1. Relative to the longest principal axis of the C-alpha atoms of the chain, give the angle of the C-alpha long axis of helix 60-72, reported between 0 and 90° and rounded to the nearest 10°.
2. Report, in degrees rounded to the nearest 10, the 0 to 90 angle that the Cα long axis of helix 92-104 makes with the longest principal axis of the chain.
3. Let me make sure I get this right: for the stretch 199-357, a, b and c are the square roots of the gyration tensor eigenvalues over alpha carbons, sorted descending. Under 1.5 in a/c it's rounded, otherwise prolate if a/b > b/c, else oblate. Which is it?
4. I want the antiparallel fraction of DSSP beta bridges within the chain, as a percent rounded to 5.
5. Enumerate the residues in the stretch 358-374 having an amide nitrogen under 19 Å from the point lying 7 Å beyond the Cα of residue 85 toward its Cβ.
6. At 1.567 mPa s and 4 °C, plugging the Kirkwood radius over alpha-carbon pairs of the stretch 65-161 into Stokes-Einstein gives what diffusion coefficient in µm²/s?
7. Between the alpha-carbon centers of the stretch 72-107 and the stretch 267-320, tell me the distance in whole angstrom.
8. With springs only between Cα atoms under 10 Å, which of 149, 238, 297 fluctuates most in a Gaussian network model of the chain?
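Coordinate-derived values only; no laboratory data. Everything quoted here is computed from the prediction, not taken from an experiment. Here the Cβ is made from the backbone with ideal geometry for all residues, glycine too, and neighbour counts use every protein chain on show.
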């Protein structure tokens, strides 16, 4: 089966992981999308790439125009899409382009919407927000499946705001952001450093929360005896006043930049806790998502720290591991009261959770492709 995968950013590591899943599940994939970098890849995990141009973080107007132009010119994609049986669109902007291509190229391929974030622009009561929701609803009526990464997206947005399951009779599939391991999984990573003060917090992945950076830099500066912070990933510079200056000036904080999936065992092996708190869209998307880092850090034995009132905290409490806080102000007291014995108990409880809670394997990939093809 051939899947045409429309993506918002060809350089996003999560896109590469999804392509790997589709390939491992038995699908042939072609990837079409924009890129946030100066240059994009020619292939992704062996899948050919059609580069639709460059877009930028935070510039929604530019992204909307780029999507419109790509949609209007979608007829040129006819040869690439001719034998596709499924069209998978990651994000609303790509759903617009994918449906235009489906129409202009007279394709019979089924359309599937993959939504991994609910942007704040979708949630207001302004005319623009209402128009965006109407656009999304109209396009979803042409879809045969909705794919989400957190059940809270369904409960907090798609069912109450978009009528999913009622006026919008569309099936939904939950595909969590688990770490992908296609070979026999190795043993859980052993620590590469002694546990104890100062406790090291690792913040990995999409770095986009200004409040989190403020909290961590402040605590690390005020309590060098208690905490160190290690940040690795791709900052969303549009969300910060001056990210580079802030991390450079912060004592007891190290920023390592982007990383590869193969670096995860070492990065987490050097940490005690994983930062899984996000305030970027507080009370909205940040309260509903289940981020990659809770699966990745848990896979490598590092306890996530989350707020108990959000979906991430509920996930940890349900699984029975990690640390949840009623409020961010409790962070310092938590670390102050952490002993080697309590930390050893945290790790022991985490080690008892089945690996399948954090890791997707070939069977999961085959199940995903079968669901997309159904």
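1. Between the helix axis and the principal axis of the chain, the angle is about 30 degrees.
2. With both axes taken from Cα atoms, the answer is about 20 degrees.
3. Rounded, since a/c falls under 1.5.
4. Details: 2 of 51 bridges.
Roughly 5 percent of the beta bridges in the chain run antiparallel, per DSSP.
5. 363-374
6. Working: Rh = 14.1 Å.
Roughly 92 µm²/s, to the nearest whole number.
7. 35
8. Maximum fluctuation in the GNM of the chain, among the listed residues, is at 238.
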